[in-house]
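A short worksheet on the structure shown next.
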Amino acid sequence: MSNEPAPNSRKPLISGNWKMNHNHFEAIQTIQKLAYALNPRDYDHVDVSVHPPFTDLRSVQTVLQADEVPVSLGAQNVHMASHGAFTGEIAPPMLAKLNVEYVIVGHSERRELFGETDEVVNQKAKAVLAADMTPIVCVGETLEQRQAGEAESTVSQQISGSLAGLSGDVVAGLVIAYEPIWAIGTGATATPNDAQLMCAHIRSLVRSRWGDSAADSVRIQYGGSVKGGNAPELMAQPDIDGALVGGASLDADEFARIVNFRLYQA
Ligand code: PEP
């Protein structure tokens, strides 16, 4: 009998985080190119989402809807209030009205550059859920924390804080993105084994806190310099259920290659 873990039944989610790139004309071109690069069968084994800047959402939504492209629309951030005097912010119901399905919360750039704490991430995750969308909750350690042997405790604390007050049923439907900060936009990817170890740690944390069903269902993405070349090995890990992709998602052909990681697996 093999010691290999059985393949899991969770459908991977490959998400493209465009960050602050692409105006709405470029966004339309990119999504059309992606739709052309993928064929309907490609979506059988994988879910795909794209997360353009807010100013592109309506344009991308129109293309996805008109051409019946089975790519989910995503956002990169959101405010926790449903409406009100918050100049410059975007409320969850506004995103839901545009057919946004996934919202990234707690990306490390939001945590580091905009001071978002686990408490803020938790409020945003709850607001996304209240508007019937799915949060992609990002966690991950810095290089200093990893070198100090604090990677697991850092991630554990982020998970506890960011998912506080959620029931097991709700956690089961979430997406968690493990993104070691030192691997984001740097070209330095975690080894498949390191990524697997942390994703397994996150799943065991979910198991002990929210139960078997939540742990077996929650999707855990890896993010950090994922490209067409390294995606197959990363996605082969038993506790990695997809990828959150930054830079490589701006190029439709490269992103399509990541979506089709199965074709390149040994
Ligand atoms: C990200 O922005 O979430 C990310 C992982 O970026 P990159 O793929 O460019 O490292």
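The values are calculated or read from the model by the stated rules, or taken from the named source; none is laboratory data. These numbers come from a predicted model, not from an experiment. Neighbour counts are summed over all protein chains in view; Cβ atoms, including those assigned to glycine, are modelled from backbone coordinates with ideal geometry. Heavy atoms of the whole protein, side chains included, go into the accessibility calculation; ligands, DNA and RNA do not. Shrake-Rupley method; radii C 1.70, N 1.55, O 1.52, S 1.80 Å.
Quick notes
Let's see how each residue does on (1) in contact (Cβ under 8 Å) with a residue 24 or more places away in the chain; (2) out of contact with any helix residue (DSSP H, G or I) (no Cβ under 9 Å at 6 or more places or on another chain); (3) closer than 23 Å to V50 by Cα; (4) part of a helix (DSSP H, G or I):
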{"site": "A127", "(1), (2), (3), (4)": "yes, no, yes, yes"}
{"site": "C138", "(1), (2), (3), (4)": "yes, no, yes, no"}
{"site": "T154", "(1), (2), (3), (4)": "no, no, no, yes"}
{"site": "Q157", "(1), (2), (3), (4)": "yes, no, no, yes"}
{"site": "L166", "(1), (2), (3), (4)": "yes, no, no, no"}
{"site": "T186", "(1), (2), (3), (4)": "yes, yes, yes, no"}
{"site": "C199", "(1), (2), (3), (4)": "yes, yes, yes, yes"}
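- Scanning segment 212-237 for residues that are more than 16 Å from the ligand (Cβ to nearest atom), part of a helix (DSSP H, G or I) and open to solvent by less than 10 Å² (accessible area, probe 1.4 Å) returns A214, A215.
- Test: residue in segment 76-86 that is open to solvent by less than 40 Å² (accessible area, probe 1.4 Å) and either farther than 21 Å from L163 by Cβ or in contact with a Phe, Trp or Tyr (Cβ under 9 Å, 6 or more places away or on another chain) (or both): yes
- When segment 15-37 is limited to residues that are in contact (Cβ under 8 Å) with a residue 40 or more places away in the chain and in contact with a Phe, Trp or Tyr (Cβ under 9 Å, 6 or more places away or on another chain), the one that is most open to solvent (accessible area, probe 1.4 Å) turns out to be A37.
- Output for segment 7-37, where each listed residue is in a helix (DSSP H, G or I) and either charged (D, E, K, R) or farther than 19 Å from V103 by Cβ (or both): H24, F25, E26, I28, Q29, T30, Q32, K33, L34, A35, Y36, A37
- Some residue of segment 105-119 being away from the ligand (no atom under 16 Å from the Cβ), at pLDDT 95 or above and open to solvent by less than 40 Å² (accessible area, probe 1.4 Å): yes
- Scanning segment 120-153 for residues being more than 16 Å from the ligand (Cβ to nearest atom), under 19 Å from R203 (Cα atoms) and among the aliphatic types (A, V, I, L, M) gives a total of 2.
- Residue selected from segment 238-255 under the condition open to solvent by less than 10 Å² (accessible area, probe 1.4 Å) and more than 14 Å from the ligand (Cβ to nearest atom), by the criterion nearest to A195 (Cα to Cα): D241
- Only listed residue being among the hydrophobic types (A, V, I, L, M, F, W, C) and assigned to a helix (DSSP H, G or I), chosen from V63, V78: V63
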